[in-house]
Amino acid sequence: MNVITTELLTKRFGTFTAVDRVTFEVRRGEIFGFLGANGAGKTTAMRILCGLSKPTSGKAIVAGHDVATHPDHVKRHIGYMSQKFSLYEDLKVWENIRLYAGIYGMRPAEIKAKSAILLRQLEFEDGRDKLVRSLPLGWKQKLAFSVAVFHEPRIVFLDEPTGGVDPVTRRQFWELIYQVADRGITVFVTTHYMDEAEYCDRVSIMVDGRVEVLDSPEQLKKRFRATSMEEVFRHLARGTTRS
Amino acid sequence: MNEKTTSGASLFGAFTHKEIRHILRDRRTLLILLGIPVIQIVLFGFAITTEVRDVRVGILDPTPDVATRHITDRLLANDYFTFAGLFSSPAAVERSLRRGEIEMALVFAPSSPGRITRDGTVPVQLIADASDPNTAALFTGYATNIITAAAGELAGTPEESPARLLPEMRLLYNPAMRAAYNFVPGVMGLVLMLICAMMTSISIVREKESGTLELLLVSPVRPFVIIAAKIVPYLILSGINIATILLLSVYVLDVPVVGSLFWLVLVSLLFVLVSLSIGIFVSSIVRSQVAAMLISGMVLMMPVVLLSGLLFPVENMPILLRWTSHLIPAKWYIAAMKKIMIEGAPVLYILREILVLVGMGILLLLVSWKKFNDRIA
């Protein structure tokens, strides 16, 4: 079953075609790596899938709803975490959870019970009443991710979620991603780190607004006779016409 | 449907709660916001004053007689002037002026008795330190009036000079010519603009910078709820500030509220809404808090100070600046406030100001809304 289906999805800004007839599917519960160099169009494509931007032409169905005609329905069923870590620094951990959960219509009692479980799982019960500002970056990112999936969305979009953290924390972060995927939540992730691309079930690589390849990391490496995703990526990026 | 509306209302509550938290946790900013009106009123009321008091006067009177003494006494009897020395030569007067020991000199010509002629001319000279031209013009004006009156008393009875016209001035609404009547409405305009426009824009742009706004836009919450919730705490703060300014002006500066308090508050709220829309508009065109602060501070505050009539009369400005001043919401608000507070004018007299403010508010909101939607598309 597919949670994302796009058909010739296109976005033009004036004469510039940021996203060029992109067609792909993302299956339920998979970890989908969405790669591409800067300016390849992945942020624009992701904004369309999240209902933040309307496609110029083509179609995208996310969580069973058309993003162009029913962005509000789409928004109800997705989670999102951006490269900028985005919890409120001057609110407490618990206040952040309550605010975001409330936005997705969760009942106060439900929020209370679930956040207790979440904090126990993260082994972060002491942090409940701390201001987010006082936490180390690694914790902030783990929390931001937990908040993004707190309302059990069908898909969570992660826009370069591990930027600027050390490898150990990154590894821990990916443990969380695996747990979430096991719960049946689809993970749609963009990243700069090619070692992270190896962790994905399937990856797509965008070049000049088009999805150039889409397959599992193993298949891609086999096809390009490469030893790592890094090599695959460099091979494809060589063909770019945009700098 | 019903469930949707209730959840909308509770969401609005949750967001308002969050906004109030933001403000309460930022103690320093809160303190500044609440302190600003007090500081402004105190500054304008006691420090920055355009009224003239205690001008130091030197006297040069080579041949004193009844007439010169009468004029001198009359001048020094006035509150505005204090005696600062008797001089014996014009050179001494000049030295003293240059050193700043005196600000004005009253110089009589050495002459025979009967100097004050029947046609009322007085051979007397006022020398003033005009390095601050406004002040010098003001106090030489006062002095001239006093001397003329004193000379008139000496010249004798009206029958002897039947052709003399003596205009009698009546200063309406502010008989004591107190500056407070002018600046209290001005400070209200300034403070409300500062809090509403600057703080709203900064608080919205802060969420842009931190990325939280993006997170909210990806969520099902309506942008209207986010913005409306942002406005609420600043509305409350503005209310507190209006109350502070009014209480200070009535009980500390003795500026009475002559007109209707109801309309005063209502027009103030209208201006608050216009300022909030300016804040929302600014936040829609800038990306960083610094830019928001600069635009609010320089592009919005400076014209309010310079062109709203708070410090300088707009009527004397070049036509281009006068036109520009019409674009400044605070100008209309301050004008309306003066009419209500000081003149006690009925609301019909400020209909034009009210309509202009309403129009500006609607325009700004429409433009911001359009900009916002452009960003989404």
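The numbers here are math on the coordinates, done by the rules we state, and not lab data. Owing to the predicted nature of the structure, the values given are computational and were not obtained by experimental measurement. Here the Cβ is made from the backbone with ideal geometry for all residues, glycine too, and neighbour counts use every protein chain on show.
Of note:
- Averaging 1/r across all pairs of distinct Cα atoms in segment A:37-113 and inverting the result yields a Kirkwood radius of 14.5 Å.
- With contacts taken as Cα pairs under 8 Å at a separation of at least 6 residues, chain B carries a relative contact order of 18 percent.
- Computed over chain B with a Gaussian network model linking Cα atoms closer than 10 Å, the most mobile of B:SER219, B:SER288, B:SER277 is B:SER219.
- Normalised by 2.2 N^0.38 Å, where N is the number of residues, the C-alpha radius of gyration of chain A stands at 1.03.
- Which listed pairs, of A:LYS59/B:LYS370; B:LYS208/B:LYS339; A:LYS84/A:LYS130; A:LYS130/B:LYS208, have C-alpha distances above 30 Å, in listed order: B:LYS208/B:LYS339
- Label-point separation in nm, A:ARG238 to A:ASP201, each point 7 Å along Cα→Cβ: 3.2 nm
- With Rh defined as the Kirkwood radius, the inverse of the mean 1/r over Cα pairs, the Rg/Rh of segment A:75-117 is 0.97.
- Local electrostatic count, A:ARG171, Cβ distance below 15 Å [Lys/Arg +1, Asp/Glu -1]: -3
- Inter-site label distance for A:ARG171 and A:GLU110 at 7 Å from Cα along Cβ, in nm: 3.7 nm
- When the alpha carbon gyration tensor of segment A:118-243 is reduced to an equivalent ellipsoid, the three semi-axes, largest first, read 32, 15, 13 Å.
- Here chain B yields Rg over Rh of 1.15, to two decimals, using C-alpha coordinates and the Kirkwood radius.
- Mean residue ellipticity (222 nm) of chain B, computed from DSSP H runs ≥ 4 via -39,500 (n - 2.57), nearest 500: -19500 deg cm²/dmol
- Alpha-carbon centroids, segment A:128-144 and segment B:303-377: separation in whole Å: 45 Å
- Degrees separating the helix B:261-285 axis from the principal Cα axis of chain B, which is the longest one: 60 degrees
- Inter-chain Cβ neighbour average for residues A:41-53, partner chain, 10 Å: 2
- Listed residue pairs exceeding 24 Å between alpha carbons, taken from A:LYS92/A:LYS114; A:LYS42/A:LYS92; A:LYS54/A:LYS140: A:LYS42/A:LYS92; A:LYS54/A:LYS140
- Helix-only arithmetic for chain A: the sum of -39500 (n - 2.57) across DSSP H runs with n ≥ 4, divided by the residue total, places the mean residue ellipticity at 222 nm at -10500 deg cm²/dmol.
- Projecting the alpha carbon convex hull of segment A:4-133 along each direction and taking the average yields 9.8 nm².
- Volume of the Cα convex hull of segment B:232-303, divided per residue and given in Å³: 115 Å³
- Percent of Cα pairs in segment A:87-152 per distance bin of 5 Å, from zero to the largest separation: 4, 19, 34, 28, 13, 3.
- Stokes-Einstein D for the protein assembly as shown, Kirkwood Rh over Cα pairs, 25 °C, 0.890 mPa s (µm²/s): 82 µm²/s
- Take the Cα radius of gyration of segment B:197-256 and divide it by 2.2 N^0.38 Å, N being the number of residues; the result is 1.63.
- Per residue of A:80-92, other chain Cβ atoms within 10 Å of the residue Cβ number 5 on average.
- Between 0 and 90°, nearest 10: helix A:108-121 axis offset from chain A longest Cα axis: 80 degrees
- For the peptide A:98-111, the mean number of other protein chain Cβ atoms found within 10 angstrom of a residue's Cβ is 4.
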